[in-house]
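The block underneath contains the structure these notes are about, expressed in structure tokens.
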Amino acid sequence: MHQVTLPFATMTDDEVRAALQKYSIGLTVEEAKKIEELLKRSPTVTEAVIWGIQGSEHCSYKSSRRFLKQFPTEGTHVILGPKEDSGIIAITDGPKGKRWGIVISHESHNHPSQVVPYEGAATGVGGCVRDVLCMGARVIGALDSLRLGDLKTDETRAIATEVIRGVAGYANPLGIPNLGGDTVFDSAYNSNCLVNVVALGLIREDEIIHSYVQGEAAKEKYDIIMVGKATDRSGFGGAAFASLTMDEDDHEKNSGAVQEPNPFLERHLLASTYALFDIITEKKLLDKVSFKDLGAGGNVCASVEQVAPLGFGAIVNLDSIHVAIPNLPAEVIACAETQERFCWVCHPDLTEMILSHYNKAWDLPSVAEGARASVVGKVTEDGIYTLVSKGEAVCSASSESITSGLQYTRPTNAPMRSFKEPVISYKNAAITVEGNTVQLKDVFLSLLSHPSYASKARVFRHYDKNIIGNTLIEAGEADASVIAPLRDLDRYGSVGPKTEWSRALTKEDQNIGVAFASGGNGRYGRISPYLQGVNALIENARNVACVGAVPRALSDCLNYGNPEIPEHLWALEEGVRGIADAARGLTLNGEALPVVSGNVSLYNTTKDGSIDPTAIVCVVGVMPDAEKAIHGSFKSPDSLLYVLGNVKDECGGSAYYKILESMLTMKKDSLLGANVPSPVFSEVVQELQFLTRMIQGGTVLTAHDCSEGGLALNLFEMTSPIRRTGGSIGYAVDLQPLSSALRPDTLLFSESGAIIVEISVKNREIFEKAASDTSIAYALIGKTIETPTIEVRHDNEVLLSGSLETFRQPWSSSLEHALGSV
């Protein structure tokens with residue numbers, strides 16, 4: 001059938017809009033007409049669909065690219081910065097070319113998870129995993145940062161439950177441990193949840209496979225091979241859908257833009273591809289291949305993005321692509337985002353080996369109906385990307401013009417608004433706001449009962465956390481998780497070069513620990529998107545330091561509103577600036593902390609408004625001896641408790657103000673505050689260097705960052721049992737040594753980011769001398785006690801007291817109760 005063309009230049013604006021809607025094309029009227037100018041002719045439907053995807057915010061970063069240039073992306077330990085689908089950071093310090101690296105990919109699947117929560121979250125995990133795999137890596141872990149609704153309606157409870165199930169329902173069958181993240185419940189995400197996923201891999205530097213073709217690819221006429229599930233309609237228009245404002249009225253239509261997950265097929269693809277990596281490596285064929293996941297934009301994206309960086313073209317025959325449904329339109333075959341698919345581009349001498357490997361040795365066609373490996377095209381020298389369907393060219397355009405996308409310099413504008421701290425009076429453990437009084441103990445109990453601040457065991461109990469066997473600190477056991485990725489390399493599956501790998505590893509390398517922490521407080525973004533970005537990085541750097549690891553790199557997922565609204569784009573600009581400033585401020589080894597991977601998710605906006613500006617940052621830390629990592633619970637009664645750093649009047653955007661606002665049934669954000677934590681980078685550097693040195697030397701028994709909930713919540717969290725042991729050690733503390741200028745409630749709930757540490761009595765002199773020599777601010781506030789009780793004083797006044805069980809019961813059960821039986 002002859003491909004329809006769309007003569008946008010001769011259409012009225014209303015006619016263009018109707019055509020774009022009819023064919024599910026993610027372009028504006030102006031963009032559609034720009035495409036016609038670029039082509040110098042009317043585009044076919046397929047071409048318009050391709051540009052709608054490749055020119056989307058999700059693929060082209062057309063509104064955000066100019067801001068992202070602020071990030072530091074290079075450093076001594078950077079093997080690969082944010083140039084491909086995943087970044088790579090070295091965890092060993094051997095000669096270049098032989099270093100071991102952690103591969104990290106950071107992605108969002110927000111809109112799909114709001115529309116079809118289980119499938120959206122599951123396929124978000126799947127796509128991130130494939131991005132890591134396609135670097136030639138073994139996938140070794142995942143993290144998820146979830147921002148879900150307030151759980152006050154059946155809809156928000158159902159979405160939250162299904163998103164959590166979706167994350168577990170994909171990663172668990174793959175045999176990939178969930179290494180942490182964080183989960184927040186807030187009305188800001190009622191209509192637009194955030195599902196941000198990190199996937200992690202392990203690779204040696206000389207075995208990386210890139211996502212762009214070799215220099216000889218055009219001359220040697222490299223083959224293009226599609227591998228995996230048969231292409232269907234699922235996910236068609238997904239990238240464009242991710243770059244549109246959510247509309248509840250389009251819920252049913254949008255559900256078709258969400259992919260359908262098959263984790264068991266993906267597990268088979270992982271295993272078979274690991275085996276192929278071994279063959280390619282052993283035969284020294286790494287310089288004859290490139291490899292890419294079929295993510296946003298499907299077959300077109302995976303093939304054109306491999307040839308465009310070198311100025312090459314390609315001819316792809318859509319009729320050669322294995323499909324699940326007969327007579328699919330050309331644009332669907334070209335661009336559907338069907339899951340569990342890869343694209344190899346290889347020298348013709350390797351083609352039969354790759355086909356035979358998947359189709360015969362691993363019998364892919366018998367694993368899922370229609371699945372297989374198929375040759376679908378060739379790399380060309382002319383720079384023109386051509387799609388052929390039924391003998392007709394349905395796309396013919398330069399590869400570069402397709403992939404360069406549509407760039408904008410959209411205006412930004414800081415909103416005219418001001419914030420102020422609420423007027424709060426405190427007397428005898430009673431808090432009064434606008435004539436209404438609540439008791440401090442009741443505030444603390446309400447804090448413990450809020451789903452955002454209560455135990456998240458209800459979330460991570462669904463996840464396999466130690467399935468590979470090298471997890472030393474699991475999700476929920478400390479501020480960060482810790483693995484020893486270089487122990488027993490054969491645990492990662494398949495045979496081949498691992499024997500040589502193991503011989504090359506020193507004992508020191510095998511002992512290396514890697515820590516991961518991910519999160520970001522969106523409430524801060526309501527006041528200052530800049531400080532929200534700063535704190536997202538600083539908090540997670542503190543988190544990895546609290547287990548004993550030195551921060552080495554970061555990835556980010558930037559979740560913001562509609563970039564066409566100047567105030568929303570300003571929030572993105574400020575968030576990026578905050579992360580960039582913090583990354584340059586944390587010169588832990590004389591270098592900025594590099595950004596090696598990331599994702600931008602825009603249009604997180606509905607008719608109810610925009611989400612909070614929410615930058616999610618994942619920090620990777622490295623420590624020389626994984627066995628010295630410490631979890632976050634008290635180790636011994638009669639230990640000394642210190643606070644590192646200064647507690648300041650910084651409750652803006654805090655959990656404390658949120659709880660007060662709810663208890664007093666006040667208007668939303670009437671107690672938001674103004675004083676967002678403002679870290680001093682030089683002080684943070686000193687604290688992190690001191691803390692990691694003290695942990696690795698065995699002086700510090702336990703450490704916990706004071707973020708959401710301040711000292712009150714984070715001290716209590718340190719009483720938690722770990723893997724059903726402990727949990728009976730209490731504490732008695734006095735806040736008077738911290739600051740006489742602040743009210744007791746401010747000292748308790750400020751989120752300044754001070755760090756609580758547990759020290760044995762015998763190490764007191766060592767610790768205090770080292771802190772004084774380093775000019776670190778510290779205060780001895782009390783001790784752990786054998787009785788399972790807590791007591792918090794401020795000089796002669798008792799602020800909080802009671803049995804651990806009194807406080808643990810609401811903390812451990814409230815999330816279960818809030819989710820209900822949905």
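Quick look at the values:
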| quantity | calculated |
| --- | --- |
| Volume of the Cα convex hull of region 210-407, divided per residue and given in Å³ | 121 Å³ |
| Ordering of 681-687, 797-803, 422-428 by burial proxy (mean other Cβ atoms within 10 Å per residue, highest first) | 681-687, 797-803, 422-428 |
| Residue order, fewest to most beta carbons within 10 Å, for Lys658, Lys648, Lys98 | Lys98, Lys648, Lys658 |
| Cα-based shape type of region 574-715, given that a ≥ b ≥ c are square roots of the gyration tensor eigenvalues and the cut on a/c is 1.5 | oblate |
| Cα Rg, Dmax (largest Cα-Cα span) when computed across the chain, Å | 26.9, 87 |
| Distance (nanometres) between label positions extended 7 Å along Cα→Cβ at Asn466 and Ser740 | 4.9 nm |
| Per-residue [θ]222 nm for the chain (sum of -39500 (n - 2.57) over DSSP H runs n ≥ 4, rounded to 500) | -10000 deg cm²/dmol |
| Estimated FRET transfer efficiency when R0 is 41 angstrom, pair Ala18-Arg65 (beta carbons, to 0.05) | 0.85 |
| Mean Cβ neighbour count within 10 Å, used as a protection proxy, ranking 446-456, 152-162, 519-529 highest first | 519-529, 446-456, 152-162 |
| Förster-model FRET efficiency, 41 Å R0, Asp442 and Glu591, C-beta, rounded to 0.05 | 0.30 |
| Lysines whose Cα lies under 19 Å from that of Lys465, excluding same-chain neighbours fewer than 8 positions away | Lys456 |
| 16 Å Cα-Cα reach of Lys762 towards lysines, excluding residues that sit fewer than 8 places from it in its own chain | Lys635, Lys783 |
| Average Cα contact separation per residue, the chain, under 8 Å, 6 or more apart, as relative contact order % | 15 percent |
| Protection proxy ranking, peptides 725-738, 535-548, average beta carbon neighbours within 10 Å, highest first | 535-548, 725-738 |
| Eligible aspartates and glutamates near Lys441 by straight Cα distance, threshold 14 Å, same-chain separation 8 or greater | Asp745, Glu791, Glu797 |
| Order of Phe277, Phe419, Phe291 under a 10 Å beta carbon neighbour criterion, fewest first | Phe419, Phe277, Phe291 |
| Cα-centre dipole for region 578-628 with unit charges at Cβ (Lys and Arg positive, Asp and Glu negative), debye to 20 | 120 debye |
| The chain: angle of helix 298-307 to the longest principal axis, Cα-based, in degrees nearest 10 | 80 degrees |
| Inter-site label distance for Gln809 and Glu434 at 7 Å from Cα along Cβ, in nm | 3.3 nm |
| Exposure proxy ranking, count of Cβ atoms within 10 Å, fewest first, for Thr409, Thr183 | Thr409, Thr183 |
| Theoretical gain in end-to-end length, Ser662 to Arg487 [0.36 nm per residue, Cα-Cα removed] | 58.1 nm |
| Nearest-ten-degree value, helix 764-773 long axis tilted from longest Cα axis of the chain | 70 degrees |
| Nitroxide proxy distance, nm - points 7 Å out along Cα→Cβ at Ala674 and Met416 | 1.8 nm |
| Efficiency of FRET between Arg723 and Glu400 - r from beta-carbon atoms, R0 60 angstrom, step 0.05 | 0.65 |
| Global form of region 119-186, assessed from the alpha-carbon gyration tensor, a/c cut-off 1.5 | prolate |
| Degrees between helix 13-22 axis and first principal axis of the chain (Cα, 0 to 90, nearest 10) | 90 degrees |
| Listed pairs Lys152/Lys420; Lys62/Lys288; Lys34/Lys69; Lys427/Lys658; Lys420/Lys769; Lys152/Lys292 exceeding 30 Å between Cα atoms | Lys62/Lys288; Lys420/Lys769; Lys152/Lys292 |
| Difference of contour (0.36 nm per residue) and Cα-Cα distance, Ser682 to Asp363 | 109.1 nm |
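No value in this document is a laboratory result; all are computed from the given coordinates. Everything numeric here is computed off the predicted structure, so don't read it as measured data. Glycine also receives a Cβ, built like all others from the backbone with ideal geometry; neighbour counts cover every protein chain displayed.
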